[in-house]
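Asker: Pasting a structure here, questions to come.
The values are calculated or read from the model by the stated rules, or taken from the named source; none is laboratory data. Just so it is clear, the model here is predicted, and its values are computed rather than measured. Here the Cβ is made from the backbone with ideal geometry for all residues, glycine too, and neighbour counts use every protein chain on show.
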Amino acid sequence: MEALRARAQSQGVEGRIHFMGFRYPVENAIAGLDLLVAPSEQEGFGRTLIEAMLVGTSVLASDIDAHRETVTSGLNGLLAPVGDVCSFADQAQLLMRDDALTKRLVNVARELAQARFSSKRHVQEVQNVYFKLLVDRG
């Protein structure tokens with residue numbers, strides 16, 4: 001954390017960055033963001049992206065397999081090439097300046113996340129697995 005604070009200070013942006021530390025529950029913290037940026041080079045399933053979508057926070061993520069499972073660039077968020085800092089910066093600025101685009105992305109993201117990743121859908125999918133196992137055994 002101290003290294004991050006020092007880097008922010010050396011870049012002259014320490015007054016614009018808030019190091020929030022651990023938060024539980026996370027929904028309120030994510031909902032308070034202007035933009036969730038996920039620049040991962042590799043990652044498992046992108047649950048944080050879904051959490052952001054469900055609370056109405058726009059998403060900008062690296063274009064990796066795990067993020068493409070939840071984000072279709074231009075439909076429910078934006079994807080940037082892995083490690084392309086300029087692309088991330090350009091797309092972040094676009095989202096921060098284009099309210100109409102951000103609103104459209106956020107609305108579609110919330111709708112798709114609720115349809116694909118809600119608790120109700122999860123329960124139904126688990127029930128389907130058990131039902132299939134029972135049918136296949138019988």
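Asker: Could you say whether any residue in the stretch 72-86 is in contact (Cβ under 8 Å) with a residue 40 or more places away in the chain and in contact with a strand residue (DSSP E or B) (Cβ under 7 Å, 6 or more places away or on another chain)?
Answerer: Taking every residue of the stretch 72-86 in turn, at least one turns out to be in contact (Cβ under 8 Å) with a residue 40 or more places away in the chain and in contact with a strand residue (DSSP E or B) (Cβ under 7 Å, 6 or more places away or on another chain).
Asker: Return the pairs, sorted by first residue and then second, in which the second residue is outside any helix (DSSP H, G or I) and surrounded by 13 or more Cβ atoms within 10 Å (Cβ to Cβ), the first residue lies in the stretch 87-110 and is on the phi < 0 side of the Ramachandran plot and among the charged types (D, E, K, R), the beta carbons are less than 7 Å apart, and the residues are 6+ apart or on different chains.
Answerer: What qualifies is ARG110/GLY56.
Asker: A follow-up question, please. Among the residues of the stretch 85-106 satisfying the criterion of being among the charged types (D, E, K, R) and in a helix (DSSP H, G or I), which is surrounded by the most Cβ atoms within 10 Å (Cβ to Cβ)?
Answerer: Among them, the one singled out is ARG104.
Asker: Test PHE19 against the criterion of being of a type in the set (Phe, Trp, Tyr) and either modelled with pLDDT under 90 or surrounded by 18 or more Cβ atoms within 10 Å (Cβ to Cβ) (or both), and give yes or no.
Answerer: yes
Asker: Looking for whichever is farther than 22 Å from PHE117 by Cβ, touching a helix residue (DSSP H, G or I) at 6+ places or on another chain (Cβ under 8 Å) and among the aromatic types (Phe, Trp, Tyr) here; the options are PHE19, PHE45. Which one fits? Talk me through it step by step, then tell me what you get.
Answerer: Values: PHE45 fails: farther than 22 Å from PHE117 by Cβ.
Matching residue, one of PHE19, PHE45: PHE19.
Asker: Another question, then. Please identify the pairs in which a residue from the stretch 1-18 that is within 21 Å of LEU35 (Cβ to Cβ) has its Cβ atom under 7 Å from the Cβ atom of a residue that is modelled with pLDDT under 90 and surrounded by 11 or more Cβ atoms within 10 Å (Cβ to Cβ), counting only partners at least 6 apart or on another chain.
Answerer: ALA8/ILE17
Asker: For the structure I just gave you, tell me whether ALA61 is touching a residue at least 12 places away in the same chain (Cβ under 8 Å) and within 20 Å of ILE30 (Cα to Cα).
Answerer: So ALA61 fits the description; yes.
Asker: Determine whether ALA61 is in contact with a Gly (Cβ under 9 Å, 6 or more places away or on another chain) and crowded, with 17+ Cβ neighbours inside 10 Å. Let's see the steps before the verdict.
Answerer: Working: in contact with a Gly (Cβ under 9 Å, 6 or more places away or on another chain): yes; crowded, with 17+ Cβ neighbours inside 10 Å: yes.
Criteria met by ALA61.
Asker: State all residues of the stretch 21-56 that are within 8 Å of the chain's Cα centre (by Cα) and of a type outside the set (A, V, I, L, M); if no residue qualifies, say none.
Answerer: Matches in the stretch 21-56: GLY46, ARG47, THR48, GLU51.
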